[in-house]
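Visitor: Sharing a structure here in structure tokens format.
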Amino acid sequence: MLVVLGTPHRLRELGKQSPDGRLRECVYGRQVAAGVAAKLQGMGYRVMTDYEPMDLPREMQTPNARLERQRELALRVNFVNELCRQNGKDRVIYVSFHVNAAGADGQWHDARGWCVYTSPGRTKADDLATCLWNAADRNLPHDHKSALRADWSDGDPDYEAKLYVLTKTQFPAVLTESLFQDNRADVDYLLSEEGRHAIVRLHVEGIIKYIESASLGDFPWRLRIY
Ligand SMILES: [Zn+2]
């Protein structure tokens, strides 16, 4: 199994940071991806990252923010779909690391918690999402755990959204939102040594649980009643 890690956004994309500027989503997500990659590779897993640089190559940059965003997403999706063609769609999974925001107004907000998104419909991505959600439940401390966000309307804890990277890819793809960049307590925790380790660890554990369960064809938590 090839694990493809997705980094979030670009340095040139405005907003996407804590109101005090301490946490930038594009930087934090890349740090989490690097931490997860190092741990998984250390245990012998095959890992690649969809886009490591902080910004697009200069020749792809444009003052048109919308166009630049389309170019960024196309770059990511083309890369992972090519890996899928080379490896087979049953041998690739994709996890994209984001940090949530309640507003885009540069103010602090009350919303907090961790959640995971998949594309609409029942696919293997739902199993991957459930593995990650259970790992978040185990690894986040109580006050953050109590804010673990879930949408149980379809019987599992992931949210569903037609996000570009989730619907344009052909293999299990999920996007995690690790707490909120505009909640003070969440930002303090995310930037703490303890928080950084917990965020990396929960993704490592969730990914390994999915790979091991998929190889056995065994997803026992479907029996769990939440
Ligand atoms: Zn994001």
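The values are calculated or read from the model by the stated rules, or taken from the named source; none is laboratory data. Computed from a predicted model, the values in this text were never measured in an experiment. As a convention, Cβ positions derive from the backbone with ideal geometry for all residues, glycine included, and neighbour counts pool all protein chains shown.
Visitor: Based on what the data block shows, is D218 exposed (fewer than 15 other Cβ atoms within 10 Å of the Cβ), modelled with pLDDT of 95 or more and not polar (S, T, N, Q)?
Guide: no
Visitor: So, restricting to helices (runs of 4 or more DSSP H) that lie completely within the stretch 69-172, which ones have at least 2 residues that are within 16 Å of V4 (Cα to Cα)?
Guide: 124-139, 164-167
Visitor: Those residues that are part of a helix (DSSP H, G or I) and polar (S, T, N, Q), I need them from the stretch 9-56; list them, please.
Guide: Passing the criteria: Q31, Q41.
Visitor: Okay, moving on. Looking only at the stretch 19-34, count every residue that is within 20 Å of N183 (Cβ to Cβ) and either of a type in the set (A, V, I, L, M, F, W, C) or within 13 Å of the ligand (Cβ to nearest atom) (or both) and tell me the total.
Guide: The number of residues fulfilling the criteria is 8.
Visitor: Within 29 Å of E13 (Cα to Cα) and of a type in the set (S, T, N, Q): which single residue out of N100, N87 fits that description?
Guide: N100
Visitor: Considering (1) under 14 Å from the mean Cα position of the chain (by Cα); (2) within 16 Å of the ligand (Cβ to nearest atom), say which one P172 fails and leave the rest.
Guide: With (1) under 14 Å from the mean Cα position of the chain (by Cα); (2) within 16 Å of the ligand (Cβ to nearest atom) applied to P172, the lone miss is (2).
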